[in-house]
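Please treat every number below as a calculation from the coordinates, not as lab data. Predicted model only: the values in this text are computed from it and were never measured. Cβ atoms come from the backbone with ideal geometry, glycine included; neighbour counts cover every protein chain shown.
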Amino acid sequence: MKLTVLFENHAGYKKGLLGYHGFSAIVEHNGKKVLVDTGTDGKVLLGNMEALGVFPGEIDALFITHGHYDHTGGMKAFLEARRVGIDVYAHPGIFQRRVALKPKLREIGIPFTREELEGLGATFHLSPEPVEFLPGFISSGEIKRNHWDRAVGYLVENGRYIKDPVRDDMALIVDLGNEIAVITGCGHSGIVNIAEHAVKLTGKPVKALVGGFHLRGAGQAILEDAVAKLKALGVEELYAGHCTGIDEYAHLKANFGYAEPLYVGKTVTL
Ligand SMILES: [Fe+2]
Ligand SMILES: [Fe+2]
């Protein structure tokens, strides 16, 4: 498996790459290419793709981790640039209206309608159940939360604000044979829950956890618990970025044993 980060809060070391809040990566495995999320901004996504030699038309499927704008905002530009249809795998909850209330009311959901994206060639396969949509590419399905989670924001239902559990948060599991890689978007379900769920689902140990771990502002107790539980679960390597948090990444680096940071252009080969 080879993963290349296309959209991340920080730019990498190659010429022409831009950092921007959000996440997207391309995963190549078993001769197929899957795009995970699309970042916040289409121009930045397409610019980084071009600089890294990734062509929108060569991607076999799109997996959306959850409906937040910083993972879905580049979708329209990606579909327009691609020009041919694509299968999109996600949870049925991605189109919910969602907002943040602080510091002021703002929309944080997917900035497009389903119809708009279907008009540009997206074929949605929306399911809360696990599904192997291409050989070795498994959508985790909805993730059971046995420990703390990292939900943010509010859903808007019948004009009322309801705390958003971000139920639609799913991970992409890549089957490496004897072990798995788990790719998260924001990790709202809680990074420990995600890893546990993936092990239970596949019966295989986690070689690497890659993506946003949403530990920013989590505090010492959660950080220490995350390190202890991921170690106990036998997770070998961490590749953390996006909403992990800089101080929180430093904690993982110092205490977990193996951790590398993500940035645009970073590759992970397993
Ligand atoms: Fe995010
Ligand atoms: Fe998110």
Label point distance in nm, K32-D247, each placed 7 Å from Cα along Cα→Cβ: 4.2
Between K14 and A81, the FRET efficiency computed from the C-beta separation at R0 = 22 Å comes out, to the nearest 0.05, as 0.60
Could you work out how far the C-alpha centroid of the stretch 212-270 sits from that of the stretch 55-94, in angstrom? 26
Average Cα contact separation per residue, the chain, under 8 Å, 6 or more apart, as relative contact order %: 19
Order the peptides 106-116, 182-192 from the highest to the lowest mean number of other Cβ atoms within 10 Å of their residues. 182-192, 106-116
Spacing of the two label points (7 Å from each Cα toward its C-beta) at K2 and N178, in nm: 2.4
Rg/Rg_ref, the stretch 2-269, where Rg_ref = 2.2 N^0.38 Å and atoms are Cα: 0.93
Please rank L52, L126, fewest neighbouring Cβ atoms within 10 Å first, as an exposure proxy. L126, L52
With springs only between Cα atoms under 10 Å apart, run a GNM on the chain and tell me which of L120, L62, L105 wobbles the most. L105
For the stretch 22-141: rounded, prolate or oblate by the Cα gyration tensor [a/c cutoff 1.5]: oblate
The alpha-carbon pair-distance distribution computed for the stretch 110-226, with 10 angstrom bins and whole-percent values, is 13, 38, 33, 15, 2
Each residue of the stretch 139-153 in turn: what ³J(HN,Hα) in whole Hz from Karplus with 6.51, -1.76, 1.60 and θ = phi - 60°, glycine and Pro shown as x? 6, 5, x, 4, 9, 6, 9, 8, 10, 4, 10, 9, 6, 9, x
D225 to K204: FRET efficiency via 1/(1 + (r/R0)^6), r the Cβ-Cβ distance, R0 22 Å, to the nearest 0.05? 0.40
With only helices counted (DSSP H, runs n ≥ 4, each -39500 (n - 2.57)), the per-residue ellipticity at 222 nm for the chain, to the nearest 500, works out to -6500 deg cm²/dmol
About its Cα centre, the chain carries a charge dipole, from +1 on Lys and Arg Cβ atoms and -1 on Asp and Glu Cβ atoms, whose size in debye to the nearest 20 is 460
When you count, for each residue, the other Cβ atoms within 10 Å and take the mean per peptide, how do 158-165, 169-176, 261-268, 54-61 rank with the highest first? 169-176, 261-268, 54-61, 158-165
